[in-house]
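A.B. asks: Here it is, the structure in full.
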Amino acid sequence: MNIIHCRDYEEMSGKAATLVIQEVERKKNLLLCAATGNSPTGFYAKLVEKSEKDKIFFDQLKVIKLDEWGGIPENHPSSCEYYLQTKLVEPLRIPPERYISFQSNPTDPAAECARIQAELDTQGPIDLCILGIGANGHIGFNEPALFLEPHCHIARLSGHSLTHTMVQSLNDKPTYGLTLGLQDIMRSRKIILLISGKNKEQIIQEFLSGKITTRLPASLLWLHPDVDCLIGI
Ligand code: F6R
């Protein structure tokens with residue numbers, strides 16, 4: 001794992017954008033898996049700057065949403081869908097045929113997971129996976145547990161996840177999560193892990209110890225051959 005300590009959030013966002021732009025230059029139609037949350041927001045803004053300067057740069061890019069809060073409306077400002085539509089998908093002009101995305105409020109969540117899994121099996125593996133880490137060590141909604149799920153699944157959200165800034169003020173909290181699984185993530189050709197947030201000091205220490213445990217799902221990334229971990233608090 002390539003650990004890159006950045007001066008601050010701005011430097012982390014810029015470095016991540018440079019890495020992704022290099023990858024897209026190599027492979028225009030790459031499949032990018034996109035996390036939401038605070039850590040990648042500045043980085044997505046840099047990609048948007050690039051797309052404003054070079055209107056056709058992302059004209060073949062494909063995007064898959066990493067995860068979603070289950071049980072809240074799709075167009076709700078707290079949904080991962082709303083986040084990605086406003087910060088990445090619309091500004092980069094990614095059309096629906098190049099975007100794979102869990103619905104946030106499906107009538108049949110298990111069928112929705114099966115639908116996304118089938119899409120990933122056809123269009124994957126992921127070329128470049130953008131991840132953040134929860135203060136409890138989760139990636140996507142793969143929460144700390146005795147066993148981790150390999151593929152798309154309905155996640156039981158931890159109390160920690162429900163305090164995330166995206167949903168903490170909601171009266172009607174998400175009742176579950178929808179997420180890609182660990183094997184789906186680990187099959188990515190390259191992974192960029194962005195770590196930011198004042199509440200992450202403890203988890204950064206544990207993660208950097210390099211010990212691998214399902215109680216810290218992000219620690220499995222130590223088994224992947226190509227991870228850039230950018231830390232910018
Ligand atoms: C969001 C996601 C989560 C976040 C994590 C860190 O799509 O997958 O695992 O990446 O909770 O969130 P921030 O970056 O807001 O600290």
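Values quoted throughout were computed directly from the atomic coordinates according to the rules given, and no laboratory measurement underlies them. From a predicted model like this one, the values you see are computed outputs, not experimental measurements. Ideal geometry is used to build each Cβ from the backbone, glycine not excepted, and the neighbour counts take in all protein chains shown.
A.B. asks: When a/c reaches 1.5 or more, the comparison of a/b and b/c decides; with that in mind, is the range 84-130 rounded, prolate or oblate per its Cα gyration tensor?
C.D. replies: oblate
A.B. asks: A follow-up question, please. Does anything in the range 162-176 have its amide N under 16 Å from the 7 Å Cα→Cβ label point of Thr86, and if so which residues?
C.D. replies: Those under the cut-off are 165-170.
A.B. asks: Cα gyration tensor of the range 105-233, axes a ≥ b ≥ c as square roots of the eigenvalues: rounded (a/c below 1.5), prolate (a/b > b/c) or oblate? Don't skip to the answer; put the middle values down first.
C.D. replies: Numbers: a/c = 1.80, a/b = 1.11, b/c = 1.61.
Judged from the Cα gyration tensor, the range 105-233 comes out oblate (a/c at least 1.5, b/c at or above a/b).
A.B. asks: For the range 90-187, what is the relative contact order in percent, using Cα pairs closer than 8 Å and at least 6 residues apart in sequence?
C.D. replies: Relative contact order of the range 90-187: 28 percent.
A.B. asks: I want the local charge near Leu19. Using Cβ-Cβ distances under 14 Å, sum +1 for each Lys or Arg and -1 for each Asp or Glu among the other residues.
C.D. replies: Values: positive: Lys15, Arg26, Lys27, Lys46, Lys50, Arg189, Lys190; negative: Glu11, Glu23, Glu25, Asp127, Asp226, Asp228.
So the environment of Leu19 carries a net charge of +1.
A.B. asks: Can you compute the charge dipole magnitude of the chain about its Cα centre, using +1 on each Lys and Arg Cβ and -1 on each Asp and Glu Cβ, nothing else charged? Give it in debye, rounded to the nearest 20.
C.D. replies: 420
A.B. asks: Most mobile of Glu97, Glu23, Glu119 per a Gaussian network model of the chain (Cα springs, under 10 Å)?
C.D. replies: Maximum among the listed residues: Glu97.
A.B. asks: From the helices alone, meaning DSSP H stretches of at least four residues, give me the mean residue ellipticity at 222 nm for the chain, per-run term -39500 (n - 2.57), in deg cm²/dmol to the nearest 500.
C.D. replies: Rounded to the nearest 500, the figure is -8000 deg cm²/dmol.
A.B. asks: Using a Gaussian network model on the chain with a 10 Å cutoff between Cα atoms, which of Gly71, Gly42, Gly210 fluctuates the most?
C.D. replies: Its mean-square fluctuation being the largest, the pick is Gly210.
A.B. asks: Here's another thing I want to ask about it. Given charges of +1 on the Cβ of Lys and Arg and -1 on the Cβ of Asp and Glu, with all other atoms neutral, how large is the dipole of the range 102-191 about its Cα centre, in debye to the nearest 20?
C.D. replies: Dipole of the range 102-191, to the nearest 20 debye: 240 debye.
A.B. asks: Which residue, Ile139, Ile203, Ile64, has the most motion in a Gaussian network model of the chain that connects Cα atoms within less than 10 Å?
C.D. replies: Of Ile139, Ile203, Ile64, the Gaussian network model singles out Ile203 as fluctuating most.
A.B. asks: What FRET efficiency would be calculated for the residue pair Arg156, Ile233, taking the C-beta separation as r and a Förster radius of 35 Å, to the nearest 0.05?
C.D. replies: Given R0 = 35 Å and the Cβ-Cβ separation, E is 0.75.
A.B. asks: For a quick check: sort Glu11, Glu201, Glu81 by the number of other beta carbons within 10 angstrom, fewest at the front.
C.D. replies: Going from least to most buried by this count: Glu201, Glu11, Glu81.
A.B. asks: Once you have a ≥ b ≥ c as the square roots of the Cα gyration tensor eigenvalues for the chain, tell me rounded if a/c is under 1.5, and otherwise prolate or oblate according to whether a/b is larger than b/c.
C.D. replies: rounded
A.B. asks: Quick one, could you list the DSSP H helices from the chain stretching 18 Å or more along their long axis (Cα atoms) with average Kyte-Doolittle hydropathy of 0.5 or above? Could you put the intermediate results ahead of the total?
C.D. replies: Details: long enough: 9-26 (26 Å, -0.38); 41-53 (19 Å, -0.72); 109-123 (21 Å, -0.42).
Sorted by number, there is nothing, because no helix extends far enough and scores high enough.
A.B. asks: Could you please report the charge total around Ser78, scoring K, R as +1 and D, E as -1 over all other residues with beta-carbon less than 12 angstrom from its beta-carbon?
C.D. replies: Values: positive: Lys173; negative: Glu68, Glu74, Glu81, Asp172.
Overall, the nearby charge balance is -3.
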